[in-house]
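The values are calculated or read from the model by the stated rules, or taken from the named source; none is laboratory data. All figures in this text were calculated on a predicted structure; none of them were measured in a lab. Here the Cβ positions follow ideal geometry from the backbone for every residue, glycine too, while neighbour counts run over all protein chains shown. For the accessible areas, the whole protein counts, side chains as well, though only heavy atoms, and no ligand, DNA or RNA atoms are used. Shrake-Rupley method; radii C 1.70, N 1.55, O 1.52, S 1.80 Å.
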Amino acid sequence: MRKEEKGVIIDQIAETLGQYDHFYITDAAGLNAEDTAALRRSCFDGGIKLMVVKNTLLKKALEKNSENDYSQLFDSLKGNSTIMLSKVGNAPAKLIKDFSKKSKSGKPELKAAYVEQSVYVGANELDTLVAIKSKNELIADVIALLQSPAKNVISALQSSGNTVTGVLKTLADR
């Protein structure tokens, strides 16, 4: 591959990385054709972009992004690497966990991840990544917490509405 071609590929990888908020570096080597097709299908269904990349080209694409420091990820760029890109932070982690349980080879295996402006390195971080809530889940939790006191007041007024009406009617009759 010529230097110009590598430059174009690096630019494409950097552009793709810029379109997604979160990415996971995984090792999917050793999957047979059937499992690879199933992984690609699962990624497509989950809104996850799956790319097989060369480590050196990925490293140069990460270095090209001056907004974030990805240097902690560079040690993970050994062997075969596949990146999973997603708009939802925990979606690839859930997919990796579910798919590796079903797969005979135990792949894909997490090498590292960049989620919510934080770096996670190693397969032992998978459970932590699964537990991370997405932005929409956090907003839903906050809204539920804010609505809870109002629901309690409304519920109390509705349940005691008959009692209050009866008391008011009795007082009005006297």
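Selection of the stretch 122-147 for residues being open to solvent by 80 Å² or more (accessible area, probe 1.4 Å) and outside any helix (DSSP H, G or I) yields only 133.
With more than 24 Å from residue 6 (Cβ to Cβ), among the β-branched types (Val, Ile, Thr) and surrounded by 15 or more Cβ atoms within 10 Å (Cβ to Cβ) as the only criterion, which of 53, 115 stands out?
Within the list 53, 115, the selection yields 115.
Note on the stretch 55-77: residues that are of a type outside the set (Phe, Trp, Tyr), part of a loop (DSSP other than H, G, I, E, B) and in contact (Cβ under 8 Å) with a residue 24 or more places away in the chain total 3. So is residue 71 open to solvent by 50 Å² or more (accessible area, probe 1.4 Å) and either in contact with a helix residue (DSSP H, G or I) (Cβ under 8 Å, 6 or more places away or on another chain) or closer than 20 Å to residue 111 by Cα (or both) or not? Yes; evaluated as a whole, the condition is true for this residue. When you scan the stretch 41-49, do you find a residue that is open to solvent by less than 20 Å² (accessible area, probe 1.4 Å), closer than 20 Å to residue 97 by Cα and in contact with a strand residue (DSSP E or B) (Cβ under 7 Å, 6 or more places away or on another chain), even just one? Yes; the residues of the stretch 41-49 include at least one that is open to solvent by less than 20 Å² (accessible area, probe 1.4 Å), closer than 20 Å to residue 97 by Cα and in contact with a strand residue (DSSP E or B) (Cβ under 7 Å, 6 or more places away or on another chain). Contact map, the stretch 96-119: residues that are in contact (Cβ under 8 Å) with a residue 60 or more places away in the chain and more than 18 Å from residue 41 (Cα to Cα) paired with residues that are β-branched (Val, Ile, Thr) and open to solvent by 30 Å² or more (accessible area, probe 1.4 Å), Cβ distance under 6 Å, separation 6+ or inter-chain. Pairs shown: 112/121. Of the residues that sit in the stretch 102-139 and are of a type in the set (Lys, Arg) and within 18 Å of residue 25 (Cα to Cα), which one is modelled with the highest pLDDT? Among residues in the stretch 102-139 that are of a type in the set (Lys, Arg) and within 18 Å of residue 25 (Cα to Cα), the one modelled with the highest pLDDT is 111.
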